[in-house]
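Below is one structure, written out as structure tokens; comments come after it.
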Amino acid sequence: MSDHQENNSCGSSAITMDDVKNLIKKKDEIEEQIKAYYDVLEDQGVGVEGPLVDAEGYPRDDVNLYQIRNARHNISCLQNDHKAIMAEIEEALHKLHAREKAKRGQDEVEEEAMEQQVTLPPPFARVDSVTEGSPASGAGLRLGDEIIEFGSVNTENFQNLQNIAAVVQHSEGKPLRVSVIRSGQKAQMSLTPQRWSGRGLLGCNIVPVQR
């Protein structure tokens, strides 16, 4: 018996539709047994609650007392079994449903990640340092951000850092669209090159990415 229970508990973590079908089969069998015992009581004409003593308080001699008591006892036990198995079926269905839902969610996450990888171009430069209080810092640029777009410069047309320097010089006071890859995700920001208390117009150091 203990082996059987152990097997059961191992299997409960990965419930299958077959497990649910088996539980439903057991439930049907219990219902059949209950019905059979009800038939016994029906035959004796006493039902589940009928008195087993006569008006004088003596045990009735027109019915099979042993059979009736046995049937009533078994109905009571079987009803408890029935209640337990219904709860098991409900829990099994709930687990199945939850697992399906989790699987669907996982699939969606994987698809999204794949889409991200497909659509993100390789970076051409990386942010090596950002000075606190600078235009770059204010725009939300962070250390380690990998640049895939800097104004009109992108992965396709980037040749060297002079490209970025030229765009910055020509865009003083004008917002530039900057796109970076951060933790595998694309992040966009608006960076306006301008004079500030530090050096240059950005306040960050950008290095090319070796490709």
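Nothing in this text is a laboratory measurement; each read-out follows from the coordinates by a stated rule. This is a predicted model, so every value here is computed, not measured. Note that each Cβ is placed from the backbone with ideal geometry, even for glycine, and that neighbours are counted across all protein chains shown.
Counting other Cβ atoms within 10 Å of each Cβ, which GluC sites (Glu not before Pro) in segment 39-95 have at most 10 and sit in a DSSP loop?
Values: sites: 42, 49, 56, 88, 90, 91; in loops: 49, 56.
Loop-located and lightly packed - 49, 56.
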*For the chain, what is the calculated [θ] at 222 nm in deg cm²/dmol (nearest 500), taking -39500 (n - 2.57) for each run of four or more DSSP H residues and dividing by its residue count?*
-18000 deg cm²/dmol
*Cβ under 12 Å from residue 183's Cβ, residue 183 left aside: what net charge do those residues give with Lys, Arg +1 and Asp, Glu -1?*
+1
*Round to the nearest 10 and give me the degree value, 0 to 90, for the angle of helix 2-11's Cα axis relative to the longest principal axis of the chain.*
40 degrees
*Under a point-charge model restricted to the Cβ atoms of Lys and Arg (+1) and Asp and Glu (-1), what is the dipole moment magnitude of segment 100-166 relative to its Cα centre, in debye to the nearest 20?*
200 debye
_Angle between the chain longest axis and helix 65-119 axis [Cα atoms, degrees, rounded to 10]_ = 10 degrees
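Count the net charge of all other residues whose Cβ sits under 13 Å from the Cβ of residue 145, scoring Lys and Arg as +1 and Asp and Glu as -1. Display every interim value, and only then the final one.
Values: positive: 126, 142, 182, 186; negative: 128, 146, 149.
Net local charge, residue 145 excluded: +1.
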*With r as the distance between the Cβ atoms of residue 167 and residue 128 and R0 = 22 Å, compute the FRET efficiency 1/(1 + (r/R0)^6) and round to 0.05.*
0.80
_Positive dipole terminus of the chain, leading residue within 53, 167, 38 (C-beta point charges)_ = 167
*What lysines sit close enough to residue 26 to cross-link, taking a C-alpha to C-alpha distance under 20 Å and skipping anything fewer than 8 places away on the same chain?*
35, 83, 95
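For the chain, calculate the relative contact order in percent as a whole number, restricting contacts to Cα pairs under 8 Å that are 6 or more residues apart. Please list the in-between numbers first.
Details: 234 pairs, mean separation 37.6, N = 211.
18 percent.
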*asked:* Using only Cα atoms and rounding to the nearest 10 degrees, what angle (0 to 90) does helix 161-170 make with the longest principal axis of the chain?
replied: 80 degrees
*What is the distance, in nm, between label points placed 7 Å from the Cα along the Cα-to-Cβ direction at residue 107 and at residue 61?*
7.3 nm
